[in-house]
């Protein structure tokens, strides 16, 4: 199960609020850190960045971490699914890490935003192993399961799909699939025979709808010979 707890780095460097900024900056430089959690009495106080430290040192060398004006840290819970924190992973890019807290709000570690985004991409097969199909269907009266059934009847496997929410009053909606198919051209052709409007089709190795249709014309010309 892809919950946050599975991806926690419990050994990521942390700093106490009472530590002096110059000392922390030295460790940042030695360990190549860009961000790190700041704790006070075992609780998460803030996240500090290398930029925060450089700015503080320029202002006054005797400051401690607890003296800095740092924003309240954005956190995730260890029992959350990675899909439920997608907005936090892809939105605020101030820090590369997200601190993780447990039920008692105690600090448990951090997760790496970039790594979790890659995990989500793998979960939905956003890789070269799949092909992309974007199909326009009526907004009402069509079940996605019906479309999936047609795809699977053509010896293809649906890896994942997403639905673009139609605008109010729209007559159609768009469903995007990631699929595996041994004969992608045949799949697209048969979907069109079923009356589905293919807005986009590209196999993993490259080539789109225009190329597929050109192959179809070549085949028809061969039959007429």
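The values are calculated or read from the model by the stated rules, or taken from the named source; none is laboratory data. These figures come from a predicted structure and were not determined experimentally. No Cβ is skipped: glycine too gets one built from the backbone with ideal geometry, and neighbour counts run over all protein chains shown.
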* Return the residue satisfying two criteria in turn: it lies in the stretch 116-131 and is out of contact with any helix residue (DSSP H, G or I) (no Cβ under 9 Å at 6 or more places or on another chain) and not in a loop (DSSP other than H, G, I, E, B), and of such residues it is farthest from residue 163 (Cα to Cα). => 118
* Structure fact -> Sole miss for residue 217 among (1) modelled with pLDDT under 90; (2) within 28 Å of residue 140 (Cβ to Cβ); (3) more than 27 Å from the chain's Cα centre (by Cα) is condition (2)
* **Among the residues listed as 71, 79, 51, 84, the single one being surrounded by fewer than 17 Cβ atoms within 10 Å (Cβ to Cβ), touching a residue at least 12 places away in the same chain (Cβ under 8 Å) and out of contact with any helix residue (DSSP H, G or I) (no Cβ under 7 Å at 6 or more places or on another chain)** => 71
* Return the total of residues in the stretch 10-35 being in contact with a helix residue (DSSP H, G or I) (Cβ under 9 Å, 6 or more places away or on another chain) and either outside the structural domain of residue 67 (by TED's automatic domain parsing) or touching a residue at least 40 places away in the same chain (Cβ under 8 Å) (or both). => 10
* residue 110 being surrounded by 12 or more Cβ atoms within 10 Å (Cβ to Cβ), under 24 Å from residue 2 (Cα atoms) and free of Cβ contacts under 8 Å to residues at least 24 places away in the same chain -> no
* Residues that are in contact with a strand residue (DSSP E or B) (Cβ under 9 Å, 6 or more places away or on another chain) and part of a helix (DSSP H, G or I), drawn from the stretch 58-97 -> 65, 66, 82, 84, 85, 88, 89
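So that you can scan it fast, the table gives a plain yes or no per residue for (1) modelled with pLDDT under 95; (2) surrounded by fewer than 18 Cβ atoms within 10 Å (Cβ to Cβ):
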residue	(1), (2)
1	yes, yes
5	yes, yes
31	no, yes
41	yes, yes
90	yes, yes
95	yes, no
103	yes, yes
* To do: Scan the stretch 107-115 and give yes if some residue there is assigned to a loop (DSSP other than H, G, I, E, B) and outside the structural domain of residue 197 (by TED's automatic domain parsing), otherwise no.
  => no
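Residue by residue, here is whether (1) at pLDDT 95 or above; (2) within 22 Å of residue 120 (Cα to Cα); (3) not in a helix (DSSP H, G or I) holds:
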{"residue": "133", "(1), (2), (3)": "no, yes, yes"}
{"residue": "136", "(1), (2), (3)": "no, no, yes"}
{"residue": "140", "(1), (2), (3)": "no, no, yes"}
{"residue": "145", "(1), (2), (3)": "no, no, no"}
{"residue": "159", "(1), (2), (3)": "no, yes, yes"}
{"residue": "166", "(1), (2), (3)": "no, no, yes"}
{"residue": "169", "(1), (2), (3)": "no, no, yes"}
